[in-house]
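The structure appears below as structure tokens.
Quick note: the coordinates plus some simple rules give every number you see, no bench work behind them. None of these values were measured; they are calculated from a predicted model. Glycine gets a Cβ as well: all are built from the backbone with ideal geometry, and neighbour counts include every protein chain shown.
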Amino acid sequence: MKLTILDGHAVNPGDLPWDRFYELADVTVYERTPSEKVIERIGDSESIFLNKIEINEKIIDACPNLKYIGVLATGYNVIDLKAAKLHGITVTNIPAYSTDSVAQHTFAFILNFTNKVAAHNEAVKNGEWVSCRDFCFWNSSLMELSGKTLGIFGYGNIGKKVAEIAKTFGMNVICCTRTEKKGMPERVSFEELLSRSDFVTLHAPLTEQTKNIINKDSLSLMKKSAYLINTARGAFVDEQALADALNNEKIAGYAADVVVEEPMKADNPLLTSKNTVITPHIAWAPKETRARLQSIAFENLKAWLNGNPINVVNL
């Protein structure tokens, strides 16, 4: 069986070999594949892995041998699931592999705002401590998390993990989610979540209902002292409205690992907005996390080959 990995670099830039997959198939790995070469590179492969490459009906029609598509991510919006099902193609994803790393990144953002480690390190390196008359200094106010309210939008695996970490810091936790779950924190409306929280963190799926849910109106409900954290999807946010709110000090700050269009464009208004921290979609990228993803991908392919597919998203 032929397996083509279309954009392997993101998951494995060279520190995690693909060796196990060679046990199952004749493997070809491409670091990146431009859209115009997708059909050519799939060729007569029966199976493919991809991360962010779009597989539409045109591609599926042009690749009649294709029977398996493995998405190397949790989200699978890049696949035309209807066309895949029509052609008898199994599509799988990688669920719950990044829970710990995304929750960790969420708190890296929160602690960046409260402790300002990067800013004070820069000040020290610039000689400000050397020239200080006192044994210590701070160039902006610091904050304890204990007693502050964290509002979690979405309470799946990542939201739950974030809540657990928040409680160890002594934070009050509230959440907004579609369904009641046993043992969950206080459940509130989206409007109450925004108005009560000192930190709001987004962990829900992206749907037509959640797209641009952070907009001019919803931002107006937040405290001026509140911070917004987004490690989920860039499209939750109306980026211009958010930039305006930040520049006019309607909220205290924004931290994100995602933007609407990635890689980030030079004209993105958040690139120059006040009190904004942005990382380049790396919350999922610790080596341990990527190794877990790769291991699940292997098991997905193996299970499909054995006739018992798992983590199928187009049943």
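Here are some notes:
- Dividing the mean sequence gap of close Cα pairs (under 8 Å, 6+ apart) by how many residues the chain holds gives a relative contact order of 16 percent.
- For the stretch 1-64: relative contact order, % (alpha-carbon pairs under 8 angstrom, 6 or more apart): 48
- Across the stretch 269-275, computed HN-Hα scalar couplings (Karplus, 6.51 cos²θ - 1.76 cosθ + 1.60, θ = phi - 60°) run x, 6, 5, 10, 6, 5, 6 Hz from first to last residue, x flagging Gly and Pro.
- For peptides 304-314, 226-236, sequence by mean Cβ density within 10 Å, most packed first: 226-236, 304-314
- According to the Cα-based calculation, Rg over Rh for the stretch 4-95 is 0.93, with Rh computed by the Kirkwood formula.
- Gyration tensor verdict on the stretch 152-197 (Cα atoms; rounded if a/c is under 1.5, prolate if a/b is larger than b/c, oblate otherwise): oblate
- Electrostatic dipole magnitude of the chain [Cβ: Lys, Arg +1; Asp, Glu -1; Cα centre; debye, to 20]: 700
- Mean-position separation - Cα centroids, the stretch 52-127 and the stretch 31-51, in angstrom: 18
- Qualifying lysines (Cα of each under 16 Å from Cα of Lys160; at least 8 residues distant if same chain): Lys181, Lys182
- Peptides 193-200, 166-173 ranked from most to least packed give 193-200, 166-173, packing being the mean of other C-beta atoms within 10 angstrom over each peptide's residues.
- The stretch 149-306: C-alpha gyration tensor shape, a/c 1.5 cut-off, then a/b vs b/c: oblate
- Long-range amide H partners of Ala256 with built H, under 5 Å: Asn230, Val277, Ile278, Thr279
- For the chain, the fraction of C-alpha pairs more than 35 angstrom apart is 30%.
- Options Leu66, Ser141, Phe113, ranked by Cα towards positive dipole end of the stretch 39-163, top entry (Cβ charges): Ser141
- Sorted on the mean count of surrounding Cβ atoms within 10 Å across their residues, most packed first, peptides 94-102, 21-29, 125-133 read 94-102, 21-29, 125-133.
- Cα gyration tensor category, rounded, prolate or oblate, for the stretch 189-282 with a/c compared to 1.5: oblate
- Axial C-alpha extent at least 18 Å, average Kyte-Doolittle at least 0.0 - helices from the chain (DSSP): 99-115
- Proximal lysines relative to Lys67, as straight alpha-carbon distance under 16 Å, when same-chain residues fewer than 8 apart are discounted: Lys2, Lys58, Lys82, Lys85, Lys302
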